[in-house]
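The values are calculated or read from the model by the stated rules, or taken from the named source; none is laboratory data. What you see is a predicted model, and the numbers here were worked out from it, not measured in a lab. Cβ atoms come from the backbone with ideal geometry, glycine included; neighbour counts cover every protein chain shown. Areas reflect the complete protein model, heavy atoms only, side chains present, ligands, DNA and RNA absent. Shrake-Rupley method; radii C 1.70, N 1.55, O 1.52, S 1.80 Å.
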Amino acid sequence: MASRQGAFSLLRSAQQGSALFAQQGTKGAVLGGAGSGTVLQQIRSLAATRAPRNVSLISEYKQLSKFKLSSLVVLTAGAGYAAGSGPTIDWAGFMWTSLGTLGAAACANTLNQLYEVSNDRMMSRTCNRPLPTGRISRMHAAGFALAAGAAGLTILYHQANPLTAVLGAA
C-alpha cells in the first residue's frame, strides 16, 4: 500500500513538474521541494524500495519444468500416439501417455536447470529463474524433479507400456 501511495505521489509530482517545465521553460527543475531530487531520481528511489513480487509455488514449478517446452514435447508425443492409433484413438490412453510424458519432460528440464545453475546466473535470459535467484533451493528442485519423474514414468509404465517408460527415462 505504501509503495502504491508513493507511486501516486510521484505521478502527481511528475504532472506538477511537467506543468512547471512548460511554464518556466527550464530544464532540471527540482520537484517536491528542496532536496527531493529530480523525477528520475525519485523513480529510481521508488523502484529500489518496492516490495519483491509474490510468486506462487506453482509458478516456480512451471519455470523449473520449462512448461512451454514440456508442452511441446507432450504435443509431439500426442501427435505420434494419434498417428499410430489407426482409425480410432483410445482417448484414455492418449491422456495417460500425455500426462506421463509431461512428468518425464518436467523432470528432465528440472534436472537440466539443476546442472546449469552457475551458467544460468551469468546469462541475462536465465538469471531470473528460480534456482539462480534462490527462490527455490537445489534440494527442493531435486525433490520436484524426483516426484515429477517418478510419477511420469510410473504412469507410462502402468498405463502405456514398459517400453514407453524405459524410453521416457532415457
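A few points about this structure:
- Conditions (1) more than 23 Å from T126 (Cβ to Cβ); (2) at pLDDT 90 or above: number failed by T49: (2)
- Contacts under 6 angstrom Cβ, first residue in segment 148-170 being of a type in the set (F, W, Y), partner in a helix (DSSP H, G or I), 6 or more apart: Y157/A165
- Residues of segment 150-164 that are part of a helix (DSSP H, G or I) and either modelled with pLDDT of 95 or more or open to solvent by 50 Å² or more (accessible area, probe 1.4 Å) (or both): A150, A151, G152, L153, T154, I155, L156, Y157, H158, Q159, P162, L163.
- Helices (runs of 4 or more DSSP H) contained entirely in segment 57-149, each with at least 1 residues that are open to solvent by 90 Å² or more (accessible area, probe 1.4 Å): 57-64, 67-84, 91-115, 117-122
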